[in-house]
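K.L.:
Sharing a structure below in C-alpha cells format, with a few things to ask.
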Amino acid sequence: MNAEVMAMGMNNELFKEADPMFADNARAYYEYARENDISLTHTLIHPQVNREKAQHEQKDANMALHLVEKKSDGIIVDGVRLLATQGGITDEILVFPSTVKPAGELDDPYSLAFVVPNNTEGLSFISRESFDQNKSTYDHPLSSRFEEGDAIVHFDNVFVPWEKVFVCGNSSICNRTFKETNAVVHMSHQVVAKNVIKTEFLLGTVLNIMDSIGIDGFQHVKDKGTEIMLTLETMKSHLYRSEQNATLDRSGTMTPDFEALNAARNYYPRVYPRLVEILRILGASGLMGIPSEADFQSPEIGMIVNRALQSKNLQGYERVQLFRLAWDMTLSAFGSRQMHYEYYFFGDPIKMGMAYFDQYDKEPYKQYVQDFLQQTTAVKPNFS
Ligand SMILES: Cc1cc2nc3c(=O)[nH]c(=O)nc-3n(C[C@H](O)[C@H](O)[C@H](O)COP(=O)(O)OP(=O)(O)OC[C@H]3O[C@@H](n4cnc5c(N)ncnc54)[C@H](O)[C@@H]3O)c2cc1C
C-alpha cells in the first residue's frame, strides 16, 4: 500500500485527465499518509457474482460498489467490495481502481478510486473467522503472530469528500492507473523482495526437517531441496536485475526495471504451491504427530511424547517445535490461506499470464528464427 500510494502521488498526471483536482488529491494523500504513518487496507475487486458479465449487466446491478451521487462537497457511494486483507485493523481503506470487464462507459459508475478512514459512517467490515486461536507461539508459531484477517467491505451510502477522491466514475482512467502511475512496478518490487524472504524461510525449514529426520542423503529429497533453491536464486536474480536496471521515471522517482519484476511476479504464484507441496511431502506424518505445548508439560504424557518424537538430532520437544512450524506453513488454516494468498493476492495468475503473453515483445524472437530459416541453401521448389 505504501508503494501504491507513493506511485499514485508522484505520477499523478493521469488523474488530471478528468480534473486537475484529482491529481492534487493523489499527491496530497501520499504526503498525508507518509507524514502520519497511515496504515491502509484496500479493495480491488467487485463481488464474485457472474464473471461473464460487466457490472452494469449483473442481475443485482446495485450490489457492487458504485457512485450514487455527486454533491458540491463530495460523492456518495454504495455497495460491496472485496477483499480487504487486514481490513478491520488498519486506519483507512483505499478503494483501488480495478480494471473493469469489458472496459466501457456503462461501467463508469463502478470505476472509482478514493480513500476514507475505517470508522467512516456507513462503512462496515464483515470479517472472516480468525485463524489465530489464541494459542502459544509454540503451538501456532505463525498464526499466533501473523494472522491478517480478510474482510468483505460494505459501503452504506458513504460520503467521501472530494479531496479524498482520485478517480470518479471513469473506467478508462481506472483501467490505466496501475500501469501509468508505475504503481504496479513499485508494488511488484516489494512483492519480489517478499518472495525472496519467504523462499529463504521455506528453504530453511525444509533443510532443518531434512537434518532432523535424516533424509538429506536421499536423491529425491536432495532434488526437492534443489527445486526450492532454484526458485530462491531465480527470485534473487530478478530482484537484482530490477534494481541494477532502475531508472528515474518522469516524476524523478527511482523506478526498478519492470521486465524483471513482471516475470517474477508471474512466476511465483505458479511455483509457490509446489514449494508447499515439497514441505508436505518431506514432513510426512511428522506434520500430524504434533502434540501441543500443554502435552509436553503434562506430568502424565510429557516424558512419553518427548521420547516418542525424538529425531536424529533433536529431543521430541524441539522436533515438534520445528514440525509445528512446517505444519503452520502448509496444512493449518493459516498455512492453507498462505498458499491461496500467494496464488491470488496480485490477481488471477491465469488472466495475468494471458496479459503477460499479449504484452510480451515477441517479434524479435520470431524474426530470429525467420532469419535462420532464410539462411537455407535449399532451392525452393516451384509448385506452380
Ligand atoms: C488470501 C487472499 C487475500 C486477498 N487480499 C486482497 C486484498 O487485500 N485486497 C483486494 O482487493 N483483494 C484481495 N484479494 C483478492 C484478489 O485480488 C483476487 O482473489 C484475485 O484478483 C482474483 O479475483 P477473484 O478472486 O474475484 O477470482 P475470479 O476473477 O472470480 O476468478 C475465479 C476463477 O475463474 C477464472 N476466471 C474468471 N474470469 C475469467 C476470465 N475472464 N478469463 C479466464 N478465466 C477467468 C479464474 O481464472 C479463476 O480460476 C485476496 C485474495 C485472497 C485469496
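K.L.:
What fraction of the DSSP beta bridges in the chain is antiparallel, stated in percent and rounded to the nearest 5? Show your work: numbers first, answer last.
P.N.:
Values: 28 of 33 bridges.
Percent antiparallel among DSSP bridges in the chain is about 85.
K.L.:
Take the alpha carbon atoms of the stretch 209-243, find their center, do the same for the stretch 311-384, and report the distance between the two centers in whole angstrom.
P.N.:
15 Å
K.L.:
Can you pull out the trypsin sites (Lys or Arg not before Pro) in the stretch 243-273 that DSSP calls coil and that have at most 12 other Cβ atoms within 10 Å? List each step's numbers first, then the result.
P.N.:
Numbers: sites: 250, 265, 270; in loops: 250.
Answer by residue number: 250.
K.L.:
Skip the ligands, DNA and RNA, and give the accessible area per residue of the chain with a 1.4 Å probe, whole Å².
P.N.:
Numbers: 20360 Å² over 384 residues.
Spelled out: the 1.4 Å probe surface of the chain, per residue, equals 53 Å².
K.L.:
Please sort by residue number the trypsin sites (Lys or Arg not before Pro) in the stretch 108-214 whose DSSP state is loop and whose Cβ has at most 16 other Cβ atoms within 10 Å. Walk me through the numbers on the way to the answer.
P.N.:
On the way: sites: 128, 135, 145, 164, 176, 179, 194, 198; in loops: 128, 135.
Of the trypsin sites (Lys or Arg not before Pro), the ones in loops of the stretch 108-214 whose Cβ has at most 16 other Cβ atoms within 10 Å are 128, 135.
K.L.:
How much of the accessible area of the stretch 183-357, probe 1.4 Å, is carbon plus sulfur, in whole percent?
P.N.:
58 percent
K.L.:
Continuing with the same structure: Principal axes first, then extents: for the Cα atoms of the stretch 2-180, list largest minus smallest coordinate on each axis, whole Å, largest first.
P.N.:
Cα spread of the stretch 2-180 along its principal axes, largest to smallest: 54, 42, 31 Å.
K.L.:
Under a point-charge model restricted to the Cβ atoms of Lys and Arg (+1) and Asp and Glu (-1), what is the dipole moment magnitude of the chain relative to its Cα centre, in debye to the nearest 20? Mind showing how you got there, number by number?
P.N.:
On the way: 36 positive and 51 negative charges, 262 e Å.
Here the size comes out at about 1260 debye.
K.L.:
Additional query: Rounded to the nearest Å, what's the spacing between the alpha carbon centres of the stretch 255-292 and the stretch 158-173? Just the number, please.
P.N.:
If you average the Cα positions of each part, the centres end up 37 Å apart.
K.L.:
Divide by every residue of the chain the summed helix terms, -39500 (n - 2.57) for each DSSP H run of at least 4, and state the resulting mean residue ellipticity at 222 nm, rounded to the nearest 500 deg cm²/dmol.
P.N.:
Numbers: 14 runs with 189 residues, N = 384.
Taken over the chain, the calculation gives -15500 deg cm²/dmol.
K.L.:
Work out the FRET efficiency for residue 310 and residue 344 from their Cβ-Cβ distance, taking R0 = 51 Å, and round it to the nearest 0.05. Intermediate results must be reported in sequence, preceding the final value.
P.N.:
Values: r = 39 Å, r/R0 = 0.77.
Efficiency computed from Cβ-Cβ geometry: 0.80.
K.L.:
Shifting gears a bit: For the pairs 16/362; 59/179; 16/53; 222/312, flag any whose C-alpha to C-alpha distance is greater than 22 Å.
P.N.:
On the way: 16/362 33 Å; 59/179 31 Å; 16/53 30 Å; 222/312 18 Å.
Pairs exceeding 22 Å: 16/362; 59/179; 16/53.
K.L.:
Ok, one more. For Cα pairs less than 8 Å apart in space and 6+ apart in sequence, what is the mean separation divided by the residue count of the chain, i.e. the relative contact order in percent? List each step's numbers first, then the result.
P.N.:
Values: 603 pairs, mean separation 57.9, N = 384.
That works out to 15 percent.
K.L.:
Rounded, prolate or oblate for the stretch 31-110? Axes are the square roots of the Cα gyration tensor eigenvalues, ordered a ≥ b ≥ c, and the cut-off for rounded is a/c under 1.5. If you can, show how the numbers build up before the last one.
P.N.:
Details: a/c = 2.30, a/b = 1.59, b/c = 1.45.
Prolate shape, in that a/c is at least 1.5 and a/b is the bigger ratio.
The values are calculated or read from the model by the stated rules, or taken from the named source; none is laboratory data. What you see is a predicted model; the values in this text were computed from it and never measured. Positions of Cβ are generated from backbone atoms using ideal geometry, with glycine treated the same way; all protein chains shown enter the neighbour counts. The area values use the complete protein model at the heavy-atom level, side chains included, leaving out ligands, DNA and RNA. Shrake-Rupley method; radii C 1.70, N 1.55, O 1.52, S 1.80 Å.
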